[in-house]
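Structure first, commentary second.
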Amino acid sequence: MSGIATRATLFKVIVFVLPIVFVLFCIYMKVSKNDVYMNMIKEDAVIENMTCAAYLLASVFALSIACRFFKEHRAWHGWLYVLAFLFFAFVGMEEVSWGQRIFGTKTPVLLMGHNIQKESNLHNLDIVRPLLGEAFILISLAGACSWMLIRHRRMKSLRHRAKYFIPDWYLSLYFFFGAFITLYLELSTKWGRYVFLTWPDMEPSEMLVSFGFCLFMVITKCRQVREVRA
């Protein structure tokens, strides 16, 4: 058992440290190899595609988790994970404008006049875009800090069930960096002054959040499988 516990601890430490390594890598690339960095974060480049892939993979695991809950007659859990599946699938497809540039489709006329980037997505609509930053910050902060709730002694009786809906502490930095960078950019826009970071730098932070959600779904599925076997 001690060997299993040691491997579990090592896994958590590695997962916790990876966002720090990624942020330091991005800073290094932005400072020393800016051209390469800008190519990484542009539309349809590696960072955006990895964000899309992470959300779509998270949606697959969410649906699998939901199906298992329904088989166990835990409908409330199941429907919440169906919502998670729809959310992750929607965000993943929005990230690549529903394959518009892949398949070469035209932006619908209905969206053309209201989409800031003239793309086939909803998150760039002129009535949605101003709210996007605040929503991203709130979701990211929830992912970064909600684990503290299940550590409270009053949550002890609900701790086991809460772990299906609240990311563990070792996933917190994936969401924290997303919230921090977005908040910084929102304030920079308000003050009209950008120092080092600009809006294109949102792409790496979005990727970190997508990876946080994806890892949470994978870990939750593994937890579910262990419980079924037990």
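Just so you know, all these numbers are worked out from the coordinates, no wet-lab data involved. All of these numbers come straight from a predicted model, not from anything done at the bench. Neighbour counts run over all protein chains shown; Cβ positions are idealised from the backbone, glycine included.
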**Prompt:** Once label points are set 7 Å from the Cα along Cα→Cβ at both Asp35 and Val195, what is their separation, rounded to one decimal in nm?
**Reply:** 3.0
**Prompt:** Taking springs between alpha-carbon atoms closer than 10 angstrom, which of Lys190, Lys42, Lys118 fluctuates most in the Gaussian network model of the chain?
**Reply:** Lys190
**Request:** For the stretch 29-101, build the convex hull from the C-alpha positions and give me its volume per residue in Å³.
**Result:** 80
**Complete:** If amide H atoms are modeled at 1.01 Å from N in the peptide plane, then the residues at a separation of 5 or more from Leu125, or on another chain, having amide H under 5 Å from its own are Ile116
**Ratio of Rg to Rh over the stretch 1-51 (Cα coordinates, Kirkwood Rh, two decimals)** = 1.23
**Item:** C-alpha long axis of helix 172-191 to longest principal axis of the chain, angle in °
**Value:** 30
**Asked** How far is helix 129-145 tilted, in degrees, relative to the longest principal axis of the Cα atoms in the chain, given as a value from 0 to 90 rounded to the nearest 10?
**Response** 30
**Complete:** Taking the chain and counting helices only, DSSP H stretches of n ≥ 4 at -39,500 (n - 2.57) each over all residues, the nearest-500 ellipticity at 222 nm comes to -24000 deg cm²/dmol
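Under the rule a/c < 1.5 gives rounded, and otherwise a/b versus b/c splits prolate from oblate, where does the stretch 58-148 land using the Cα gyration tensor? Walk me through the numbers before you get to the answer.
Working: a/c = 3.00, a/b = 1.63, b/c = 1.84.
The shape class here is oblate.
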**Request:** Could you check how many percent of all C-alpha pairs in the stretch 108-204 are farther apart than 15 Å?
**Result:** 69
**Partner lysines for Lys33 [C-alpha distance under 16 Å; skip if fewer than 8 residues away on the same chain]** = Lys42
**Request:** Would you mind checking the tilt of helix 202-229 against the longest principal axis of the Cα atoms of the chain, expressed as 0 to 90 degrees and rounded to 10?
**Result:** 20
**Fill in**
Toy charge model, Lys and Arg Cβ at +1, Asp and Glu Cβ at -1: the stretch 109-230 dipole around Cα centroid in debye, rounded to 20, equals 1000
**Prompt:** Picking from Cys222, Phe136, Tyr170, whose Cα lies most toward the positive end of the charge dipole for the stretch 106-230 (charges on Cβ: Lys, Arg +1; Asp, Glu -1)?
**Reply:** Cys222
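Relative contact order, percent, of the chain when contacts are C-alpha pairs under 8 Å separated by at least 6 residues?
With pairs under 8 Å counted, the relative contact order is 24 percent.
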**Fill in**
hull vol. (C-alpha, convex hull) per residue for the chain, Å³ -> 164
